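The values are calculated or read from the model by the stated rules, or taken from the named source; none is laboratory data. All of these numbers come straight from a predicted model, not from anything done at the bench. Note that each Cβ is placed from the backbone with ideal geometry, even for glycine, and that neighbours are counted across all protein chains shown. We work out accessible area using only protein heavy atoms, side chains counted, and drop any ligands, DNA or RNA first. Shrake-Rupley method; radii C 1.70, N 1.55, O 1.52, S 1.80 Å.
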Amino acid sequence: MKACLLRSPARIETHPLEFTEVPDPVAHGDQVQVRVAACGVCRTDLHVVEGELPPRKSPVIPGHQVVGRIEKTGEATSRFHIGDRVGVAWLHRTCGVCDFCRSGKENLCDNPTFTGYMEDGGYAEFILAPEAFVYPIPEGLADLHAAPLLCAGIIGFRSLRLSGVEAGGKLGLYGFGAAAHLAIQVARHWNVSVYAMTRDVRHQKLALEMGAVWAGGTVDEPPEKLDAAIVFAPAGEIVPAALQALKKGGTVALGGIHMSPIPPLDYNLLYHERVIRSVANNTRQDGEDFLRLAAEIPIHTETEVFPLRDANRALNSLKNDAIRGAAVLKVE
Ligand SMILES: [Zn+2]
Ligand SMILES: [Zn+2]
């Protein structure tokens with residue numbers, strides 16, 4: 001099959017992904033083989049490719065927002081039929097026996113594996129995944145539009161939940177890329193007012209088009225105090241600005257897997273029971289709840305489509321804030 005292979009991490013400007021031929025992966029046991037139709041491009045892929053996340057498999061095929069169809073099934077599978085349309089996300093497999101797995105917090109599993117990082121991902125024509133970690137994709141969402149829901153969408157949704165924002169509340173979104181442009185649609189559906197803080201004026205414009213009541217620069221103070229904020233941009237210096245914008249008792253949820261250092265905080269910014277919390281991965285329940293809601297709203301995904309062979313270019317655009325909405329690799 002054709003795939004984009006990362007042999008060793010390097011700056012994306014050097015085009016580290018090699019578009020090449022590799023053997024088709026073979027499904028065994030509880031695995032299904034999925035023929036990839038589309039794979040979303042996530043900032044985490046950039047962290048993998050550039051080495052901010054230490055290599056865990058080498059070489060590796062990145063990509064963890066996959067939509068495709070079941071092509072083959074392992075001998076111990078029963079859940080899907082050949083041809084079923086499914087999604088594969090970041091959480092590749094959990095141990096099922098640790099305290100976290102047994103208490104409904106599998107996103108914090110002690111021994112997880114992750115798609116496109118510890119196992120080969122979806123920048124390829126085929127991918128393997130354990131059937132229990134594969135999501136049926138609701139009808140009505142086209143392949144290219146559904147792919148970014150698998151990480152940007154689900155993580156945005158979990159971030160919204162953990163921010164504690166309620167109907168009628170005011171929410172700040174810091175960074176307005178793939179995750180934020182999906183999260184705003186859920187927030188609007190919940191009757192939440194959204195304030196977008198992002199450095200790129202194109203992204204400010206998109207936020208306003210999508211129903212934000214206000215948009216400004218990354219550390220600009222919104223015109224009203226916020227009940228909650230989500231930081232999607234991987235920049236620690238945003239955290240004090242987000243706290244500054246919060247009402248007493250508000251929460252800042254940090255949606256990224258990697259962030260530059262957070263500067264020292266004046267305790268006054270945190271006092272009055274403000275909360276900073278990170279968001280780590282997602283449970284399968286988050287994914288199922290979000291995909292159902294996405295079909296119900298229905299969520300509209302803004303996409304910029306690249307052919308599989310141009311994954312380096314897609315990641316380069318993402319790094320330079322040049323993507324409106326979500327970048328997606330079209331594989332078929
Ligand atoms: Zn576990
Ligand atoms: Zn992701």
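Structure above, values below:
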{"item": "Long-range neighbours under 8 Å by Cβ, at least six apart or interchain, first residue farther than 27 Å from Leu6 by Cα within the range 103-116, second more than 9 Å from ligand 1 (Cβ to nearest atom)", "result": "Gly104/Thr283; Gly104/Gln285; Lys105/Thr283; Glu106/Leu91; Glu106/Thr283; Glu106/Arg284"}
{"item": "From Arg313, Arg277, residue being open to solvent by 40 Å² or more (accessible area, probe 1.4 Å) and farther than 29 Å from Val86 by Cβ", "result": "Arg277"}
{"item": "Sole exception among (1) under 23 Å from Val331 (Cβ atoms); (2) within 16 Å of ligand 2 (Cβ to nearest atom); (3) of a type outside the set (Val, Ile, Thr) for Leu53, by number", "result": "(1)"}
{"item": "Qualifying residue in the range 254-262 (condition: surrounded by fewer than 17 Cβ atoms within 10 Å (Cβ to Cβ), over 15 Å from the mean Cα position of the chain (by Cα), within 30 Å of Asn320 (Cα to Cα) and not hydrophobic (A, V, I, L, M, F, W, C))", "result": "yes"}
{"item": "The range 316-332 - residue that is surrounded by fewer than 21 Cβ atoms within 10 Å (Cβ to Cβ) and not aliphatic (A, V, I, L, M) and, of those, nearest to Cys4 (Cα to Cα)", "result": "Lys330"}
{"item": "Condition met for Leu291 (in contact with an Asp or Glu (Cβ under 7 Å, 6 or more places away or on another chain), in a helix (DSSP H, G or I), buried (at least 22 other Cβ atoms within 10 Å of the Cβ) and not charged (D, E, K, R))", "result": "no"}
{"item": "Residues of the range 80-101 classified as more than 15 Å from ligand 1 (Cβ to nearest atom), over 25 Å from the mean Cα position of the chain (by Cα) and farther than 21 Å from His145 by Cβ, total", "result": "2"}
{"item": "Residue in the range 79-101 that is open to solvent by 40 Å² or more (accessible area, probe 1.4 Å) and of a type in the set (Ser, Thr, Tyr) present", "result": "no"}
{"item": "Residues within the range 13-50 that are within 12 Å of Ala314 (Cα to Cα), aliphatic (A, V, I, L, M) and within 14 Å of ligand 2 (Cβ to nearest atom), tallied", "result": "2"}
{"item": "Test: residue in the range 112-128 that is surrounded by fewer than 20 Cβ atoms within 10 Å (Cβ to Cβ), away from ligand 2 (no atom under 16 Å from the Cβ) and more than 24 Å from Glu21 (Cα to Cα)", "result": "no"}
{"item": "Criterion (in contact (Cβ under 8 Å) with a residue 60 or more places away in the chain, within 16 Å of ligand 2 (Cβ to nearest atom) and under 18 Å from the mean Cα position of the chain (by Cα)) met by exactly one of Ile137, Ile155", "result": "Ile155"}
